[in-house]
Amino acid sequence: MSGSGTKEARRDAGKPSSALALTMSKEATAKPEEQPGDVAAEKSAHSAKKETPFNDSDWRIRVDAWAGLFVRIGLVVGAIFSVYQYLAQREEQRVAQTMRMVELWDQGDYQKAQQAIRARLTGLNEKYANLLGQSPTRTEQSIYRQRIGIQAMSADGGAQPLADFAADFDRIVYFLNRLSFCVDGGLCSRKMADAYFRDYAVSFWSYFSGYVGKQRKTGAATYALPIERYVNEEEPSSLFGL
């Protein structure tokens with residue numbers, strides 16, 4: 001065999017035959033859905049779907065599966081309803097406790113204490129009305145009310161003897177502290193407590209916070225602290241109607 005013939009034979013031996021090349025070309029250009037692996041996966045998924053209890057060929061297995069599902073749904077719904085019922089009962093208890101606080105607030109001793117404080121502040125506001133200009137700023141109003149409150153706790157702050165007024169004042173402080181503990185502890189309804197007491201508490205604090213600050217400096221570091229926490233949750237909405 002000549003040299004050129006040998007070279008051509010070697011080149012032909014290194015190339016695939018025409019039939020083999022055509023087969024490889026068809027396999028390469030086959031659509032994805034025609035690939036053997038995809039067909040096997042589809043068959044496997046179809047087989048797995050048939051094996052679920054909800055579409056099993058045995059009707060008893062299907063009934064058991066659906067019954068179990070409904071039981072689980074019922075348990076979840078029952079748990080949600082129980083939580084809702086529990087929260088509703090808790091809110092009813094809070095409302096009842098708040099109404100007891102309202103009834104206590106309307107009793108004679110607390111009514112007398114409220115009247116004593118209102119009368120003293122009214123007299124001092126009339127006496128020092130000229131200290132405020134026509135359009136005082138919020139800061140000026142705050143300073144004015146604190147000074148009125150400090151003056152109210154002095155012997156010449158009103159017609160009522162200071163000892164009697166101090167007893168009425170302490171009674172109001174005790175009640176508002178108790179109210180704050182009730183609300184913060186979740187024993188009273190905050191919404192109802194705010195509706196009945198917030199305006200008064202905020203007004204009381206705006207007048208007597210200066211006096212409370214002085215008491216704290218003398219050693220009573222936590223004096224009326226619950227009232228301060230309660231009233232600082234929102235902006236003041238009224239001032240005793242004065």
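Brief remarks on what is shown
- For ASP164, the requirement of being farther than 20 Å from GLY123 by Cα and out of contact with any strand residue (DSSP E or B) (no Cβ under 8 Å at 6 or more places or on another chain) is not met.
- Qualifying residues in segment 184-206 (those that are open to solvent by 10 Å² or more (accessible area, probe 1.4 Å) and in contact with a helix residue (DSSP H, G or I) (Cβ under 6 Å, 6 or more places away or on another chain)) - the one farthest from MET99 (Cα to Cα): SER206
- Scanning segment 183-208 for residues that are touching a Gly at 6+ places or on another chain (Cβ under 6 Å) and either closer than 27 Å to ARG90 by Cα or among the hydrophobic types (A, V, I, L, M, F, W, C) (or both) yields a single hit, PHE208.
- Segment 207-221, subset of a type in the set (Ser, Thr, Tyr) and at pLDDT 95 or above, residue least open to solvent (accessible area, probe 1.4 Å): TYR207
- Flag if ARG138 is touching a residue at least 60 places away in the same chain (Cβ under 8 Å), among the basic types (Lys, Arg), open to solvent by 50 Å² or more (accessible area, probe 1.4 Å) and within 19 Å of GLU228 (Cα to Cα): no
- Condition met for ALA65 (more than 30 Å from ALA167 (Cα to Cα), surrounded by 12 or more Cβ atoms within 10 Å (Cβ to Cβ), at pLDDT 60 or above and among the small types (Gly, Ala, Ser)): yes
- Among residues of segment 59-78 that are free of Cβ contacts under 8 Å to residues at least 40 places away in the same chain, those with a Cβ under 6 angstrom from a residue that is open to solvent by 50 Å² or more (accessible area, probe 1.4 Å), sequence gap 6+ or separate chain, pair up as ILE61/PRO53; ALA65/PRO53; ALA65/PHE54.
- Extreme residue, nearest to the chain's Cα centre (by Cα), among residues of segment 146-164 that are hydrophobic (A, V, I, L, M, F, W, C) and open to solvent by 50 Å² or more (accessible area, probe 1.4 Å): ILE150
The values are calculated or read from the model by the stated rules, or taken from the named source; none is laboratory data. The structure presented is a predicted model; accordingly, all values stated were derived computationally and were not measured. In this analysis, Cβ positions are derived from the backbone assuming ideal geometry, glycine residues included, and neighbour counts consider all displayed protein chains. Note: accessible area is taken over every heavy atom of the protein model, side chains too, but ligands, DNA and RNA are not part of it. Shrake-Rupley method; radii C 1.70, N 1.55, O 1.52, S 1.80 Å.
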